[in-house]
Amino acid sequence: MFVLIFYFPCAVKVFFEPYNVFEDESVLNHRMEILSKLNTLVKQWVRNVSISKNMPKVLAEKLGGKIYTFGSYRLGVNHKRANIDALCVAPRNIERQDYFGSFLELLKKQPEVTECRVVEEVLVPDVKMNFDGIKIDLLFARLALKEIPDNFDLREDMLLKNLDPKLVRSLNGCRATDEILRLVPNIDNFRLALRSTKLWAKSKMSFEHGIYSNSLGYFGGVSWAMLVARTCQLPNVVAATQVHKFFLVFSRWNWSQPVFLKRPDTVNLGFQVWDPRVNVQGRFHLMPIITPAYPQQNSTFHVSSSTRKVMLNEFSRGMQITDEIMLGKAGWDKLFEAPSFFFKYRYFIVLLVTSNNTDDLLEWCGLVESKIRYLIQNLERILHINLVHVNPKCFEQQE
């Protein structure tokens, strides 16, 4: 058993090779170059908008503006061809309508940018684009500050004072990601364990576990990161043992109790935090995982009774397999094998989404996907339906 535990972190690159999840150095450098270009565009845009609002040029030059990353890229566990979650932070003289107006037009004029569109039918509206082959989801936040210097840190709670709730939600991704990294004792082990857990949840080779999608009622990236971070806070062991511990802990977790990475902050700036004693909605959340940065929110409020059953079944199966691995009765490859989705059930509903052109199709698909969870909830109300298992994989219809 000692050999198994020791091997996993040391030969992780070799282990993950068949799953084609790592990007080579040139692609990683390309991502950094794109973010640098985007950062320069933001500064130029802030300057130009400020001048158009009659600010003296010498002052407009000093305002700054910055691109921050969060999610899997910021955590250092992004998979091959993964998108980048990012946040555009601007000073107080820049309005939201400027961002979704002049900045969107500026992006569309860039030769490297394609598939650029605004997604508004969500809690936090954002701009989605393909920037020179890399997909980027870009949020916006306007701080109550005169300037945004290059070394600005978003972790200070008082930055949120007097901001509207939409801006606070936009900032939450960066603030939560930075707090997760701060709260794990060994970042390298955390990254290995998280990369393994995400690969398992996505079942990248077969797409059959299919329990990685916040919008469809499963866990999204930040939720998986917080669960893995919680197991990493237990007595420090190597990544292989942490993966086993992940399944051991969360297959048996009492989900009437939320998962916290730390005790909630005592900050009170008037924003609503997750507290079922105060907010009735929180009492109906089925698998609460609470973000560590103020204002604390439940990252899994989309979970339904069906998606909960599906995930708990997969957790139990993951625990059985990792038990075998720890005893030397199976290899790690077995964890990433999944039963075929299309052989598990007798009845299926197929949603066909069509459009006349590619741009309309992207928007239409996004809107339909955002509404699927309501279909699941309505189907769950039918007496004779015990489980609604939605597959997050989108299939392209063959001509």
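The values are calculated or read from the model by the stated rules, or taken from the named source; none is laboratory data. Computed from a prediction, not measured in an experiment: that's the story for all the values here. Note that each Cβ is placed from the backbone with ideal geometry, even for glycine, and that neighbours are counted across all protein chains shown. To get the accessible areas, we keep the full protein, side chains included, count just its heavy atoms, and leave off ligands, DNA and RNA. Shrake-Rupley method; radii C 1.70, N 1.55, O 1.52, S 1.80 Å.
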Q.
Just to verify a result, which residue in region 246-256, among those that are modelled with pLDDT of 95 or more and more than 14 Å from residue 228 (Cα to Cα), is nearest to the chain's Cα centre (by Cα)?
A. 255
**Q.** Which numbered condition residue 212 misses (of (1) closer than 23 Å to residue 316 by Cα; (2) in contact with a Phe, Trp or Tyr (Cβ under 8 Å, 6 or more places away or on another chain); (3) open to solvent by less than 30 Å² (accessible area, probe 1.4 Å))
**A.** (3)
**Q.** Filter result for residue 273 (at pLDDT below 95 and aliphatic (A, V, I, L, M))
**A.** yes
Q) How many of the residues in region 248-298 are of a type in the set (D, E, K, R) and assigned to a helix (DSSP H, G or I)? A) 1
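Determine whether region 67-74 contains at least one residue that is closer than 25 Å to residue 50 by Cβ and over 24 Å from the mean Cα position of the chain (by Cα). Talk me through it step by step, then tell me what you get.
From region 67-74, those closer than 25 Å to residue 50 by Cβ are 67-69; that's our starting set.
Then keep just the ones that are over 24 Å from the mean Cα position of the chain (by Cα); that gives none.
Checked against the condition, which is being closer than 25 Å to residue 50 by Cβ and over 24 Å from the mean Cα position of the chain (by Cα), region 67-74 yields no hits at all.
Name the residue that is most open to solvent (accessible area, probe 1.4 Å), counting only residues in region 387-399 that are within 23 Å of the chain's Cα centre (by Cα) and over 18 Å from residue 128 (Cβ atoms). Give the steps one after another, and end with the answer.
Step one: filter region 387-399 for residues within 23 Å of the chain's Cα centre (by Cα), giving 389-395.
Among the residues that remain, those that are also over 18 Å from residue 128 (Cβ atoms) are: 389-391, 393, 395.
Working: 389: 26, 390: 24, 391: 30, 393: 71, 395: 120 Å².
Applying the filter and picking the extreme gives 395.
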Q. Just checking, how many residues over region 226-245 are within 19 Å of the chain's Cα centre (by Cα) and farther than 22 Å from residue 297 by Cα?
A. 0
(Q) Being over 27 Å from residue 197 (Cα atoms) and touching a Leu at 6+ places or on another chain (Cβ under 6 Å) is the requirement here; does residue 261 meet it? (A) no
Q: Please specify each residue of region 29-60 satisfying the condition of being in contact (Cβ under 8 Å) with a residue 60 or more places away in the chain, farther than 13 Å from residue 110 by Cβ and surrounded by fewer than 19 Cβ atoms within 10 Å (Cβ to Cβ).
A: 30
**Q.** Pick from region 325-349, criterion in a loop (DSSP other than H, G, I, E, B) and within 26 Å of the chain's Cα centre (by Cα), ranking: surrounded by the fewest Cβ atoms within 10 Å (Cβ to Cβ)
**A.** 340
Q: Examine region 313-324 for a residue that is open to solvent by 10 Å² or more (accessible area, probe 1.4 Å), basic (Lys, Arg) and part of a loop (DSSP other than H, G, I, E, B), and state whether such a residue exists.
A: no
Q) Would you call residue 109 modelled with pLDDT under 95 and of a type in the set (D, E, K, R)? A) no
Q) Out of all the residues in region 87-125, which are under 17 Å from the mean Cα position of the chain (by Cα) and over 14 Å from residue 41 (Cα atoms)? A) 119, 122, 123, 124, 125
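Within region 350-376, which residues are of a type in the set (Val, Ile, Thr) and open to solvent by less than 100 Å² (accessible area, probe 1.4 Å)? Reasoning before the result, please.
Start the filter on region 350-376 by keeping residues that are of a type in the set (Val, Ile, Thr), which leaves 350, 353-354, 358, 368, 372, 376.
Within region 350-376, 353, 354, 358, 368, 372, 376 qualify.
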Q. Got a sec? Which strands (runs of 3 or more DSSP E) wholly within region 89-208 have at least 1 residues that are open to solvent by less than 30 Å² (accessible area, probe 1.4 Å), of a type in the set (Phe, Trp, Tyr) and over 30 Å from residue 319 (Cα atoms)?
A. 126-131, 134-142
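If I filter region 377-386 for residues that are among the aliphatic types (A, V, I, L, M) and open to solvent by 90 Å² or more (accessible area, probe 1.4 Å), do I get at least one hit? Outline the logic, then answer.
In the first step, residues of region 377-386 are kept if they are among the aliphatic types (A, V, I, L, M); the result is 379, 382-383, 385.
Of the ones still in play, those that are also open to solvent by 90 Å² or more (accessible area, probe 1.4 Å) are 383.
The answer is yes, given that some residue of region 377-386 is among the aliphatic types (A, V, I, L, M) and open to solvent by 90 Å² or more (accessible area, probe 1.4 Å).
In region 302-312, which residue that is part of a loop (DSSP other than H, G, I, E, B) and either on the phi > 0 side of the Ramachandran plot or not polar (S, T, N, Q) (or both) is modelled with the highest pLDDT? First the steps, then the outcome.
In the first step, residues of region 302-312 are kept if they are part of a loop (DSSP other than H, G, I, E, B); the result is 302-304.
Adding the requirement that they be either on the phi > 0 side of the Ramachandran plot or not polar (S, T, N, Q) (or both) leaves 302-303.
Values: 302: 92, 303: 95.
Within region 302-312, the match that is modelled with the highest pLDDT is 303.
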**Q.** Every pair of residues 6+ apart whose Cβ atoms lie under 8 Å, when the first sits in region 247-261 and is farther than 15 Å from residue 284 by Cα while the second is assigned to a loop (DSSP other than H, G, I, E, B) and at pLDDT below 95
**A.** 249/234; 261/233
Q. Is there a residue being closer than 17 Å to residue 326 by Cβ, hydrophobic (A, V, I, L, M, F, W, C) and in contact (Cβ under 8 Å) with a residue 60 or more places away in the chain anywhere in region 193-214?
A. yes
